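Quick notes on the structure that follows.
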Ligand SMILES: *Cc1c(COP(=O)(O)O)cnc(C)c1O
């Protein structure tokens, strides 16, 4: 008889042998002391730690208005949606959230999904399937959820080298003129913190008659005068056809969405299986997310404070000779270059210094570029920054980690670029 357990154990052992078995750190966030949290270690150990790797980039998950909106909506409506959007789950709070999102991005309409992951997976595949013979052009560094959406579409697809305008143009020029085309990319790339040439991609989309789909997950709340994302920052929002985002990072809550034309949104609403056949977002979550968006549309204090602390962290690390990948955003990739060492460095930070930074290993980043991904928030004050830099200095010394370059060049996936056309187009 088949030994199922042995197979599962072998799968795990293989990951461990490659030093990429994931160990999750158990933490209990403290709403009054962000970014402090309680770490629940082995044998019932509990300890106060400072979280330096949260995607709650602006601390909106603890904001009084956001918490109140969630609690009050739970008290007045209910905790759950009670059904799919089609059957009893089309909450007033979700409709209001979609209006808020459409306004934020200057689009006719928006549609909310269970998560940013589901939004990409479902929206990309549905949009490409709605367009007969659609060809998809996808950046080689795109997030797993986008890759999955592209694959699920079952359409012809081409992967262009990361942020490479020339390569994208080459691929577009080689495609038949009259076929519908969809260019899929991110604005801020979460691991290297680099940004897409948005205007140049929009120029190409206009020239070759393509639609543009941008993932603004790591930019919404943080860039642009109203926190609408990097496209707002560079004045390109109205040039993009579909803007995708999350409510779970800069907005500190949960859920994902797309924004675009009324007809496109209505078509996705009517055809997307990952939207139709699942329970709607809980009204308290929708209300909290709307409160976070509303606040960040009007307040620049959080964005300014975040930028200030990011600059402080980057220059202090550089002065200390700790290698940071150079980029123009709020993401601070501290480069280690080895999976086992990245894990050791992370463990030492936690054990000795009460600092929690998760190691980032393959396949999230290419092998040889393993790192600690530091994300300063407005709440990481100067004292915490000093403490982080001192701690990293001690860890670099103790583990004899690379110091040779204070800035390192990014390495991109893209070695195996493929143009693949499945039968039927
Ligand atoms: C986190 C992430 C997502 C998924 O968003 P969730 O709301 O967390 O599901 C999508 N795209 C990118 C680039 C991400 O980093």
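Computed from the coordinates by the stated procedures, all read-outs in this text should not be read as laboratory data. The model shown is predicted, which means the values in this text are computed figures rather than measured ones. Neighbour counts are summed over all protein chains in view; Cβ atoms, including those assigned to glycine, are modelled from backbone coordinates with ideal geometry.
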Exposure-ranked with fewest Cβ neighbours within 10 Å first, 314, 207, 249 stand as 207, 314, 249
So, relative contact order of the chain in percent, Cα under 8 Å, 6 or more apart, is 21 percent
Between the modelled labels at residue 315 and residue 276 (7 Å from Cα along Cα→Cβ) the distance in nm is 5.6 nm
Using the Kirkwood formula on alpha carbons, the hydrodynamic radius of the chain in angstrom works out to 22.7 Å
Taking Cα pairs closer than 8 Å and at least 6 residues apart, the relative contact order of region 227-351 in percent is 15 percent
Everything considered on the Cα gyration tensor (a ≥ b ≥ c; rounded for a/c under 1.5, else prolate if a/b is larger than b/c, else oblate), region 34-78 must be described as oblate
With the 8 Å Cα cutoff and a minimum separation of six or more residues, region 1-138 has a relative contact order in percent of 8 percent
Check: C-alpha center region 280-295 vs C-alpha center region 334-348, spacing in Å is 37 Å
In nm, the gap between the two label points placed 7 Å beyond Cα toward Cβ at residue 304 and residue 13 is 5.9 nm
A chain fully extended from residue 103 to residue 79 at 0.36 nm per residue, minus the present Cα-Cα distance, gains in nm 6.0 nm
Rounded to the nearest 0.05, FRET efficiency between residue 24 and residue 381 (Cβ-Cβ, R0 30 Å) equals 0.65
What the Cα atoms of region 36-177 span along the principal axes, largest first and in whole Å, is 57, 42, 30
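For a test of the definition: using alpha carbon positions, the gyration tensor, and the 1.5 limit on a/c, classify region 147-261 as rounded, prolate or oblate.
prolate
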Per-residue Cβ contact counts at 10 Å, fewest first, order 356, 257 as 356, 257
Note to self, the chain gives a 222 nm [θ] from helices alone (DSSP H runs n ≥ 4, -39500 (n - 2.57) apiece, / all residues, nearest 500) of -12500 deg cm²/dmol
For the chain, percent of DSSP beta bridges that are antiparallel (nearest 5) comes out at 55 percent
Whole-Å distance linking the alpha carbon centroid of region 173-237 with that of region 51-110 is 25 Å
Least to most buried among 39, 52, by other C-beta atoms within 10 Å and fewest first, runs 39, 52
Subtracting the Cα-Cα distance of residue 38 and residue 400 from 0.36 nm times their residue separation yields 127.4 nm
